[in-house]
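Colleague: Quick one: the structure is below, and I'll ask about it shortly.
The values are calculated or read from the model by the stated rules, or taken from the named source; none is laboratory data. Please read all numbers here as calculations on a predicted model, not as lab measurements. Neighbour counts run over all protein chains shown; Cβ positions are idealised from the backbone, glycine included.
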Amino acid sequence: MTDQRPDIDPEDDDFAPSRAVVADIDEALAQGDGARLDALLSPLHAADIADLIEQLAPQRRRELLRLYSGEIDGEILAEIDESIREEVIEQLPAAVLADAVREMDSDDVVDLVEDMDAPERETILSALDDSDRAAVEQSLNWPEYSAGRLMQSEVVAAPEHWTVGETIDYLRAEDWLPDQFYHVILVDPRRHPIGYVTLGRLLSSQRAARLRDIAEDSFRTISARQDEGDVAYAFNKYHLISAPVVDDDDRLVGVITIDDAMTVLDEEHEEDMLRLSGVNTDSHVSDSALATARQRLPWLVANLFTASLSAMVISRFEDTITAIVVLAALMPIVASTGGIAGTQSLAVAVRALATRELNRSTAPRVIRRELIAGVLNGIGLALILGLVGTLVFGDPRLGLVLAMAMIVNQIVAALGGVLVPLTLERMGLDPALASGTFVTTLTDVMGFLAFLGFATWLLI
């Protein structure tokens, strides 16, 4: 049998299967050896198995699911990226899928089915018990990307007048408790949450102590209609471990835990990074070349039109470029350096907007800082470029043109990187999605205009 290169090639570290294990898995797939595959995958964490499934080529992925489908449980299914999750579900036997779904927390089931068509969603929901199905359907009634979709319905709650002993006895007697929870939420007779007690505080207190007397100061509730991005921000800002979710009548309907909040935070950071690059947020490394090209082409076409503005500016100075040909070689230096500076300023501004550090009250200070930084960077680059231009080309006037154009474009880049995303946000648009194109166009146009304009003034 010919040796084949593994489809997966992760780095050897403490948080991924070793290259040797990956090679053995790939060989087991090539040989159709289900027993060996089971032996190799069984010791791995669910997240590692999910990563392997995601990284495999589609044909190898189907082979792995055929050989290992009986071992795909709810934990693995919840870890698989949503971009290929539906593909995986379609290849699982009905009985295996039903068992996997029953093992999942309600928030994971909601995440699984919320983007499915009605027939596929019904297949998943029909596998649940009546109570679990009702909890999932209740979450699906809340707006998309809201706390109601993010929460899990399995809530550990107790009356505030209970003692520590009564609460511990209650927890030991129940078999429906979530696999992981961090607080016992205190509720009044109308099921309004009024506080919570950490498990550590519960276990370290005397049995006779009242829950209300050992409640935490960090308690705060989250509306089920709250945007999930705001929820993640609150968890990060107030260092929350979990938080109860309430409906429109302030009744307890669920709880959000830190793992779900941090997942949202990571997704939002990833989306901002992709949007700044003009890449569709649905892109994934497992996408086909055709799908990848289709996702990127609209932004490339948009950039094609914006680049035509720079061409129009250059065409206005055709006589100047014809008279001094060396200008054609030098003008990209000013524009590209401005583009880099604009991107730096833009990245800082978009991140600050996402973390709420950049707002109406801090905007003047940030704009002033970027302006001063742009002036300083412009002067520093102008000294270098002006000196080089003078020495290389033997014309101090050309060095002066380069220096003046560099200062102007650095100021434009610094201000544009802040003002463009701020303006887009005020207009209700996503600053991460459209800012890059505007800032790049601005620095290119102003770079060419300043350089060729000063050259026409001083050299012609």
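Colleague: If the Cβ limit is 8 Å and pairs must be 6+ apart or interchain, which residue in the stretch 132-145 that is on the phi > 0 side of the Ramachandran plot and surrounded by fewer than 16 Cβ atoms within 10 Å (Cβ to Cβ) pairs with which residue that is at pLDDT 90 or above and not polar (S, T, N, Q)?
Modeller: Sorted first by the residue in the stretch 132-145, then by its partner, the pairs are Tyr145/Asp227; Tyr145/Glu228.
Colleague: Here's a follow-up. Criterion first (among the small types (Gly, Ala, Ser) and at pLDDT 90 or above) does Ala323 satisfy it?
Modeller: No, not satisfied.
Colleague: Next up: For the stretch 236-245, indicate whether the set of residues that are free of Cβ contacts under 8 Å to residues at least 12 places away in the same chain, assigned to a loop (DSSP other than H, G, I, E, B) and over 15 Å from the mean Cα position of the chain (by Cα) is non-empty.
Modeller: Checked the stretch 236-245: no residue is free of Cβ contacts under 8 Å to residues at least 12 places away in the same chain, assigned to a loop (DSSP other than H, G, I, E, B) and over 15 Å from the mean Cα position of the chain (by Cα).
Colleague: Quick one: count up the residues across the stretch 39-86 that are within 22 Å of the chain's Cα centre (by Cα) and either free of Cβ contacts under 8 Å to residues at least 40 places away in the same chain or not in a helix (DSSP H, G or I) (or both).
Modeller: 16
Colleague: Going by the conditions given, is Arg207 in contact with an Asp or Glu (Cβ under 9 Å, 6 or more places away or on another chain), surrounded by fewer than 17 Cβ atoms within 10 Å (Cβ to Cβ), in the same structural domain as Val245 (by TED's automatic domain parsing) and of a type in the set (D, E, K, R)?
Modeller: yes
Conditions tested, residue by residue: (1) surrounded by fewer than 20 Cβ atoms within 10 Å (Cβ to Cβ); (2) aromatic (Phe, Trp, Tyr).
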{"residue": "Asp217", "(1), (2)": "yes, no"}
{"residue": "Asp230", "(1), (2)": "yes, no"}
{"residue": "Tyr233", "(1), (2)": "yes, yes"}
{"residue": "Asn236", "(1), (2)": "yes, no"}
{"residue": "Ala243", "(1), (2)": "no, no"}
{"residue": "Val264", "(1), (2)": "no, no"}
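Colleague: Another one. Quick one: would you say Val155 is touching a residue at least 40 places away in the same chain (Cβ under 8 Å), of a type in the set (Val, Ile, Thr) and under 23 Å from Thr221 (Cα atoms)?
Modeller: Criteria met by Val155.
Colleague: Right, next: Please pick out the residue among Ala329, Ala302, Ala307, Ala373 that is over 19 Å from Thr441 (Cα atoms), in a helix (DSSP H, G or I) and modelled with pLDDT under 85.
Modeller: From the options Ala329, Ala302, Ala307, Ala373, the qualifying one is Ala329.
Colleague: Taking Thr437 as meeting all but one of (1) part of a loop (DSSP other than H, G, I, E, B); (2) in contact (Cβ under 8 Å) with a residue 12 or more places away in the chain; (3) among the polar types (S, T, N, Q), write down the number of the exception.
Modeller: Exception for Thr437: condition (1).
Colleague: Restricting attention to the stretch 134-187, which residues are assigned to a strand (DSSP E or B) and closer than 17 Å to Gly200 by Cα?
Modeller: Ala157, Ala158, Thr163, His183, Val184, Ile185, Leu186
Colleague: Could you pull out the residue among Ala323, Ala329 that is surrounded by fewer than 14 Cβ atoms within 10 Å (Cβ to Cβ), closer than 20 Å to Gly453 by Cα and in contact (Cβ under 8 Å) with a residue 60 or more places away in the chain?
Modeller: So the residue among Ala323, Ala329 that is surrounded by fewer than 14 Cβ atoms within 10 Å (Cβ to Cβ), closer than 20 Å to Gly453 by Cα and in contact (Cβ under 8 Å) with a residue 60 or more places away in the chain is Ala323.
Colleague: Could you please let me know if Ala100 is assigned to a helix (DSSP H, G or I) and free of Cβ contacts under 8 Å to residues at least 12 places away in the same chain?
Modeller: no
Colleague: A further question on this structure: Pick from Arg360, Arg356: which is under 24 Å from Gly428 (Cβ atoms), outside any helix (DSSP H, G or I) and in contact (Cβ under 8 Å) with a residue 60 or more places away in the chain?
Modeller: None of the others qualify; the one that does is Arg356.
Colleague: Looking only at the stretch 213-229, filter to residues that are without any contact (Cβ under 8 Å) to a residue 24 or more places away in the chain and among the charged types (D, E, K, R); which one of those is nearest to Ala158 (Cα to Cα)?
Modeller: Asp213
For (1) touching a Cys at 6+ places or on another chain (Cβ under 6 Å); (2) over 16 Å from Val155 (Cα atoms); (3) hydrophobic (A, V, I, L, M, F, W, C), each residue gets a yes or a no:
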| site | (1), (2), (3) |
| --- | --- |
| Ala95 | no, yes, yes |
| Met104 | no, no, yes |
| Asp108 | no, no, no |
| Met116 | no, yes, yes |
| Asp130 | no, yes, no |
| Arg133 | no, no, no |
| Val136 | no, no, yes |
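Colleague: Search the stretch 7-34 for residues being under 14 Å from Ile53 (Cβ atoms) and part of a loop (DSSP other than H, G, I, E, B), and hand back the single one that is modelled with the highest pLDDT.
Modeller: Pro17
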